[in-house]
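Q: Have a look at this one before I ask anything.
The values are calculated or read from the model by the stated rules, or taken from the named source; none is laboratory data. On a predicted model such as this, the values are computed, not experimentally measured, just so you know. FYI the Cβ positions are ideal-geometry reconstructions off the backbone, even for glycines, and counts take in every protein chain you see. Surface areas here come from the heavy atoms of the whole protein model, side chains and all, with no ligands, DNA or RNA. Shrake-Rupley method; radii C 1.70, N 1.55, O 1.52, S 1.80 Å.
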Amino acid sequence: MLTGLFACNKKQSNIPSKVSEDSPVTREVPVPIDSSATLSNTYREENWKPQDGQFYFSESYHFELITPETEAPKEFGFYLDPESGSILLEKYLTGFQDEMTDWLILRPNGLVLQGFTDEFGKKKLLVHHLHKHHYYTQTRPYAQADFEAFWTKKEETKEFGPNKYYQKSHRGVHYQRQYPKTEEKADLYLAKTRLATHELYYIDRLLPELGMPYRTDYGEVLDQGILVLKEVYAQPNGQPLGFQLKEIMASEYHIQLPE
């Protein structure tokens with residue numbers, strides 16, 4: 001896991017490659033409620049060319065972990081292309097635990113691109129299709145009923161993300177979640193976004209060695225694009241655990257896919 005967050009401006013392998021996209025997204029993504037419009041797209045148009053294996057991420061999301069453990073990592077994050085909702089999980093910012101994986105690109109159509117370094121030091125690429133797995137395509141018949149029964153909407157809303165360097169934010173709506181057959185409850189703040197949240201929540205089912213902090217059942221209960229900005233719950237000893245979005249920053253991270 002990660003012990004700090006890093007501002008990055010990196011180039012990966014310059015070997016050009018093409019990746020075919022999957023079929024268009026069929027699941028409707030909610031309209032975002034961001035507080036500011038996406039910045040000028042001119043630079044993005046020059047650097048965002050997935051058909052040529054070229055990706056560019058202009059924002060980074062920084063979360064803080066709520067934990068009483070003094071030795072535990074306190075932060076994690078990811079990069080984002082706000083226009084498409086594609087997410088970059090990069091080893092040092094995200095803090096995932098897989099030693100061979102360098103980064104993952106999550107697309108809102110279920111496509112996951114995994115860049116890694118093999119035992120000979122060569123950069124390689126694996127392509128996964130999440131929508132071919134049963135946990136992605138199979139909607140639980142009781143998911144909506146589960147949400148209505150165990151998620152209670154509160155009146156409070158809270159703004160997450162803005163800082164003196166970058167004013168973009170998400171407005172989170174407060175929900176309280178009751179877990180069936182237990183006394184455990186959690187307080188969460190949810191926001192509608194363009195992000196590939198199902199891919200983010202399900203990535204640990206595809207690659208459990210990553211050790212991401214999100215609960216994978218978010219993808220079963222929440223619609224695509226619903227981002228959990230904050231979750232806090234109490235341990236049996238009363239100590240709080242969870243995470244929350246600390247800030248959104250302007251970033252610049254380029255990736256050219258290896259062969």
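Q: Any idea how far apart VAL127 and ILE66 come out in nm if each label point goes 7 Å out from Cα toward Cβ?
A: If labels sit at VAL127 and ILE66, their model points lie 4.1 nm apart.
Q: Which order do THR117, THR157 take when ranked by solvent-accessible area (1.4 Å probe, heavy atoms of all protein chains), largest first?
A: THR157, THR117
Q: Another one. For the pair THR137 and ASN41, how long in nm is the line joining their label points, each one 7 Å along Cα→Cβ?
A: Distance between the two pseudo-spin positions: 3.2 nm.
Q: What nm value, rounded to one decimal, do you get for the distance between GLN51 and LYS185 when each label is placed 7 Å out toward the C-beta?
A: For the pair GLN51/LYS185, the computed spacing is 5.3 nm.
Q: Give me the Kirkwood hydrodynamic radius of segment 44-256 in Å, from all C-alpha pairs, to one decimal place?
A: By the Kirkwood definition, the hydrodynamic radius is 18.2 Å.
Q: Considering only protein heavy atoms and a 1.4 Å probe, what is the carbon-and-sulfur percentage of the accessible area of segment 44-256?
A: Reported share for carbon and sulfur atoms: 47 percent.
Q: Show me the GluC sites (Glu not before Pro) within segment 101-196 that DSSP assigns to loop and that have at most 11 other Cβ atoms within 10 Å of their Cβ.
A: Sites meeting the loop and neighbour criteria: GLU119, GLU183.
Q: Given LEU257, LEU241, LEU210, which one lies farthest toward the positive end of the charge dipole of segment 202-259, if we put +1 on the Cβ of every Lys and Arg and -1 on the Cβ of every Asp and Glu?
A: LEU241
Q: Compare the Cα positions of GLN176, ALA186, PHE116 along the charge dipole of segment 44-256 (+1 at Cβ of Lys, Arg; -1 at Cβ of Asp, Glu; about the Cα centre) and return the one farthest towards the positive end.
A: Result: GLN176, furthest along the dipole toward the positive end.
Q: Another one. If you wrap a convex hull around the Cα atoms of segment 154-259, how much volume per residue is inside, in Å³?
A: Considering the Cα atoms of segment 154-259, their hull volume per residue is 154 Å³.
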